[in-house]
Amino acid sequence: MKVALAWIRERQKTDPNIAHVLQCLDGLLWGSGGGGAAPRASDIKGRSPKYRARVAFMRLHAAEVPPARLLAVHLGMAACIEDDREAHRVPEFRIVQTAKALHRLASGSHWRWEMPLPDGTTAPAELHVYPRSSGRVLRFIGEELDEICRMVTERDQEAIRQLKREKHGPHPSQMPGWKPTWQRKLIAARGY
């Protein structure tokens with residue numbers, strides 16, 4: 001994702017496709033919140049998946065996550081999945097994994113207060129509530145992002161893979177002598 005973010009920042013002023021995608025992502029973030037505060041995580045239980053997906057984008061907007069970061073998550077996840085020999089190649093896998101990464105950027109409600117103790121002093125107390133990161137909500141988040149980012153991702157993911165290999169080396173599944181997970185488990189079970 002760091003390689004993808006550097007790639008985007010380097011080209012956002014000269015590449016009209018990247019600039020357009022970033023404007024669309026900015027519109028998605030601004031349009032989701034309407035300027036208001038996102039509901040607390042405990043208040044969205046039982047709401048529709050579409051509403052909870054919109055709240056996730058509201059939280060990203062409130063946390064001031066830049067549109068370039070959203071595109072970098074989408075582009076980096078696609079390149080990473082393509083690089084991993086064991087990753088699923090169905091589009092839904094990429095969509096859901098991308099949504100999980102976005103969901104972690106700005107989810108949850110957090111409270112801090114001073115708790116009175118019996119001896120008359122106080123101690124800091126915290127409560128953290130996170131919305132569930134699964135199900136149709138992730139599909140709505142991922143599909144929305146995929147619709148906006150797909151053009152740039154399909155065009156640039158191979159370049160991101162190459163840059164990542166140059167900077168960090170190949171994915172472990174691309175190394176000589178690599179064995180798939182099922183084969184490693186079989187070898188471990190048989191003891192040789």
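In the set (1) closer than 26 Å to residue 45 by Cα; (2) open to solvent by 90 Å² or more (accessible area, probe 1.4 Å); (3) not β-branched (Val, Ile, Thr), residue 107 fails one condition alone, (2). Would you confirm whether or not the stretch 59-75 contains a residue that is open to solvent by 60 Å² or more (accessible area, probe 1.4 Å), more than 15 Å from residue 102 (Cβ to Cβ) and of a type in the set (Lys, Arg)? Within the stretch 59-75, none of the residues are open to solvent by 60 Å² or more (accessible area, probe 1.4 Å), more than 15 Å from residue 102 (Cβ to Cβ) and of a type in the set (Lys, Arg). Within the stretch 60-87, the set of residues being part of a helix (DSSP H, G or I) and more than 17 Å from residue 27 (Cβ to Cβ) comprises 72, 73, 75, 76, 77, 78, 79, 80, 81, 82, 83. The requirement of being over 15 Å from residue 8 (Cβ atoms), among the small types (Gly, Ala, Ser) and in a helix (DSSP H, G or I) is not satisfied by residue 37. Restricting to the stretch 112-160, give me the number of residues that are surrounded by 16 or more Cβ atoms within 10 Å (Cβ to Cβ) and of a type in the set (Ser, Thr, Tyr). Total satisfying the criteria: 2. Pairing residues of the stretch 151-180 that are within 25 Å of residue 18 (Cβ to Cβ) and aliphatic (A, V, I, L, M) with residues that are in a helix (DSSP H, G or I) and modelled with pLDDT under 75, at Cβ distances under 6 Å and at least 6 apart in sequence or on separate chains, gives no pairs at all.
For the stretch 163-172, the condition holds for at least one residue, the condition being that it is among the basic types (Lys, Arg), under 28 Å from the mean Cα position of the chain (by Cα), open to solvent by less than 80 Å² (accessible area, probe 1.4 Å) and modelled with pLDDT under 90. For the stretch 2-33, the set of residues classified as open to solvent by less than 30 Å² (accessible area, probe 1.4 Å) and either free of Cβ contacts under 8 Å to residues at least 60 places away in the same chain or on the phi > 0 side of the Ramachandran plot (or both) consists of 15, 22, 29, 32, 33, listed by residue number. Does residue 90 satisfy the criteria of being open to solvent by less than 70 Å² (accessible area, probe 1.4 Å) and β-branched (Val, Ile, Thr)? The answer is no for residue 90. In a residue-by-residue description of the stretch 40-53, the property of being modelled with pLDDT under 90, buried (at least 20 other Cβ atoms within 10 Å of the Cβ) and in a helix (DSSP H, G or I) applies to at least one position.
The values are calculated or read from the model by the stated rules, or taken from the named source; none is laboratory data. As the structure is a prediction and not an experimental result, all values here were calculated from the model. Cβ coordinates were reconstructed from backbone atoms using ideal geometry, including for glycine residues, and neighbour counts include every protein chain displayed. Each accessible area value is taken on the protein alone, full model and side chains, heavy atoms only, with ligands, DNA and RNA left out. Shrake-Rupley method; radii C 1.70, N 1.55, O 1.52, S 1.80 Å.
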